[in-house]
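One structure is given below, encoded as structure tokens.
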Amino acid sequence: MAELPGVEREALEVDVVIVGAGPAGLAAAYQLVKLVEAHNASNPGKQIEPLSIAVLEKGKEIGAHGLSGAVMDPRGIAELMPDWLERGFPVEGKVGHDAFWYLLEKKKIAAPILPAPLQNEGNYVVSLAEITRWLGGVIGGMGIDIFPEFAASRVLVEDGRVVGVRTGDKGIDKSGQPKANFEPGVDIRAKITILAEGPRGTLTKQLAGLFDLYAGKNPQVYSVGVKELWQLPDDRFAPGTVVHTMGWPLDANTFGGGFMYGMKDRVVDIGLVVGLDYKNPTIDPHHEFQRYKLHPAVRELLQGGKMIGAGAKAIPEGGYFSMPRMYGDGFMILGDSAGYLNGARLKGIHLAIKSGMLAAETALQAMLKNDFSAAQLQEYNARFESSWAKTELWSQRNFHQAFENGQIAGMLNAGLGMITGGRGYGLSNRLEGHAGHERMERIQRYFSSEHPHPPEKIKFDNSYTFDKVTDVYNGGVLHEENQPAHLLILDTEVCITRCTEEYGNPCFHFCPANVYDPQPTADGRGKVPFLNFTNCYHCKTCDIMDPYQVITWVPPEGGGGPNYKKM
Ligand code: SF4
């Protein structure tokens, strides 16, 4: 995000600043207030003042950027708030019918028995946008300050410790000059800074670079989920119905699969997850998803329905060994930002909530001791290591890494993992992993005799299949147009020369929102991306999958981005 130099900024002092109002950040805020109340109730002689807690959310409102085709394990919310259902926590349906299909191009094979990680008895279909809106309303009534439309642009670090965050300037024009409505960002100084900003968080990335948080870890690997909401003409897909699929349209070297979740009001949440560690440089996850809907079994389900929403989001898939060091002097990292996701179950909400609870317990102890050092905050990691969240993630610790060798190896490893307590087919406890962009093959090499040419592109029919711009419109994506682009390309010369020749410019394919639009250079040497940044879903695919790692996603002006409703 653009930041004007030499500008005087206000400073706000709080006890705790939380970046991101997803389930992890909201759970942390809620639990911290509850713990202070419980402490004061049981320690009449040792009272602590109510804490000042600020929650920053870059979306227009809480929930606007919450995208998840979610089947929620209720373990996290039930621990946070035992009377969650009585209090009106919004659910779309308790899982009733649960199925797993393997798709061939024209056929489906329904599994007679569901693999254990995909069994959903006792779970709930929910909308992440709705549950975070609801939780935001709850914590808003607890004296916690919530700041929607405030994007944190960077961490404030002094003498090697994190002392807060700076929010982005507002009202800068596309050439970097202040407009009449210019508002400088604010420095929010805090004893503890909690990052819960979702996958591939900008501030988490800054801290990972500054403090080498991935030292000794596997790199984090991601998938992107591209999805739509459809309203069906009848009750053919009841709320709480869950179908997961593998196979077509993804090839045997590409991790991923599809999902369909039944919601209230005859809505089905349908999407395709594509591993962002694919080999084929021309893969276009949005296009694969459009093909997915043309499979006879899927098309039959959607027949007569209407697409009413769309979006995309990255998912951290690396598992236990890809979690960074989650604490340091003055900070803790939670939820998707720290990789709290069980890839085998495709579930993370319960783990995100648990991470928020663990961070809140740690924060309370730090406040009582007035010690915010790494030595004190490492308690967050110790609490995680002795929690059920660790047990769950440990049991799937090598799930994703085996898919580097293809779907068959991945499924074999997943099966062996169930027998070996998560070790899988490796001889040691840990399978090594690689950053996803490193697996992408050069275009000449990929399209050899084994893969003679990319699959034929379908023509969008505006009935079952839609182009990217139509989906962006249905995701409610809006940004102020007169601001600097929030995709920073370090070196566009690489795009024109090396990337065109070596990879065929994958950004023209992988972005689900058509942000990277190929335009001829003025001197006719090649093509360079023109950035339609106002289309951006904030899915981070470009930051993750660019083969040269020259693209950096930074938050645009607060309030911009999608406006997900029931996603
Ligand atoms: Fe996702 Fe990047 Fe495209 Fe935005 S520009 S939608 S973050 S791939």
Which residues, counting only those in region 481-511, are assigned to a loop (DSSP other than H, G, I, E, B), within 15 Å of the ligand (Cβ to nearest atom) and touching a Pro at 6+ places or on another chain (Cβ under 6 Å)? His486, Pro506
Can you confirm whether region 337-352 contains a residue that is in contact with a Pro (Cβ under 6 Å, 6 or more places away or on another chain) and within 16 Å of the ligand (Cβ to nearest atom)? no
With the first residue restricted to region 493-512 and required to be assigned by TED's automatic domain parsing to the domain that holds His538 and open to solvent by 20 Å² or more (accessible area, probe 1.4 Å), and the second required to be of a type in the set (Phe, Trp, Tyr) and more than 10 Å from the ligand (Cβ to nearest atom), Cβ contacts under 6 Å at 6 or more apart or on different chains are Val494/Tyr548
Which condition number does Gly168 fail, the rest of (1) open to solvent by less than 30 Å² (accessible area, probe 1.4 Å); (2) in contact with a Lys or Arg (Cβ under 7 Å, 6 or more places away or on another chain); (3) within 17 Å of Glu480 (Cα to Cα) being met? (2)
Any pair with Cβ under 7 angstrom, 6 or more apart, that starts in region 193-215 at a residue that is polar (S, T, N, Q) and ends at one that is assigned to a loop (DSSP other than H, G, I, E, B): Thr193/Gly330; Thr202/Val554; Thr202/Pro555; Thr204/Glu197
Matching option when the condition is at pLDDT 95 or above, touching a strand residue (DSSP E or B) at 6+ places or on another chain (Cβ under 8 Å) and either open to solvent by 50 Å² or more (accessible area, probe 1.4 Å) or assigned by TED's automatic domain parsing to the domain that holds Met260 (or both), among Gln378, Gln365: Gln378
Any chance region 262-285 includes a residue that's in a helix (DSSP H, G or I), open to solvent by less than 20 Å² (accessible area, probe 1.4 Å) and within 16 Å of the ligand (Cβ to nearest atom)? yes
Selection from region 214-239 of residues closer than 18 Å to Leu301 by Cβ and in a loop (DSSP other than H, G, I, E, B) yields Leu232, Pro233, Asp234, Asp235, Arg236, Phe237, Ala238, Pro239
Of the residues Leu118, Leu114, Leu128, Leu156, which is under 25 Å from the mean Cα position of the chain (by Cα) and free of Cβ contacts under 8 Å to residues at least 40 places away in the same chain? Leu156
Would region 172-194 turn up any residue that is surrounded by 19 or more Cβ atoms within 10 Å (Cβ to Cβ), part of a strand (DSSP E or B) and under 22 Å from the mean Cα position of the chain (by Cα)? yes
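Rundown of residues vs (1) in a loop (DSSP other than H, G, I, E, B); (2) touching an Asp or Glu at 6+ places or on another chain (Cβ under 9 Å); (3) open to solvent by less than 10 Å² (accessible area, probe 1.4 Å); (4) at pLDDT 95 or above, yes/no style:
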| residue | (1), (2), (3), (4) |
| --- | --- |
| Ala297 | no, no, no, yes |
| Ile308 | no, yes, no, yes |
| Tyr340 | yes, no, yes, yes |
| Gly356 | no, no, yes, yes |
Quick one: what pairs do we get from region 518-541, first residue in a loop (DSSP other than H, G, I, E, B), second of a type outside the set (A, V, I, L, M, F, W, C) and more than 12 Å from the ligand (Cβ to nearest atom), C-beta under 6 Å, 6+ apart or different chains? Gly526/Thr500
Among (1) under 21 Å from Tyr261 (Cβ atoms); (2) open to solvent by less than 20 Å² (accessible area, probe 1.4 Å); (3) in contact with a Gly (Cβ under 9 Å, 6 or more places away or on another chain), which single condition is Trp101 missing? (2)
Scope region 29-67; condition within 20 Å of Glu149 (Cα to Cα) and in a helix (DSSP H, G or I); matching residues: Ala29
Among Gly136, Gly176, which is the only one that is touching a residue at least 24 places away in the same chain (Cβ under 8 Å), within 26 Å of Ala310 (Cβ to Cβ) and of a type in the set (Gly, Ala, Ser)? Gly136
Which number in (1) more than 15 Å from the ligand (Cβ to nearest atom); (2) under 22 Å from the mean Cα position of the chain (by Cα); (3) assigned to a strand (DSSP E or B) marks the one condition that Gly559 misses? (3)
Among (1) in the same structural domain as Met142 (by TED's automatic domain parsing); (2) touching a strand residue (DSSP E or B) at 6+ places or on another chain (Cβ under 8 Å), the one test that Leu104 misses: (1)
Could you check, for region 85-94, whether at least one of its residues is assigned to a strand (DSSP E or B) and open to solvent by 40 Å² or more (accessible area, probe 1.4 Å)? yes
Looking only at region 519-545, and only at residues there that are farther than 21 Å from Glu197 by Cα and within 14 Å of the ligand (Cβ to nearest atom), the one that is least open to solvent (accessible area, probe 1.4 Å): Pro529
Does Val226 qualify as being modelled with pLDDT of 95 or more and open to solvent by less than 20 Å² (accessible area, probe 1.4 Å)? yes
Which one of the conditions (1) in the same structural domain as Pro506 (by TED's automatic domain parsing); (2) surrounded by 16 or more Cβ atoms within 10 Å (Cβ to Cβ); (3) of a type outside the set (Val, Ile, Thr) does Gly417 fail to meet, given that it meets all the rest? (1)
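The values are calculated or read from the model by the stated rules, or taken from the named source; none is laboratory data. Fair warning: this is a prediction, and the values are worked out from it, not measured in the lab. Note that we place each Cβ from the backbone using ideal geometry, even for glycine, and neighbour counts take in every protein chain shown. These area figures cover heavy atoms from the full protein model, side chains too; ligands, DNA and RNA do not enter into them. Shrake-Rupley method; radii C 1.70, N 1.55, O 1.52, S 1.80 Å.
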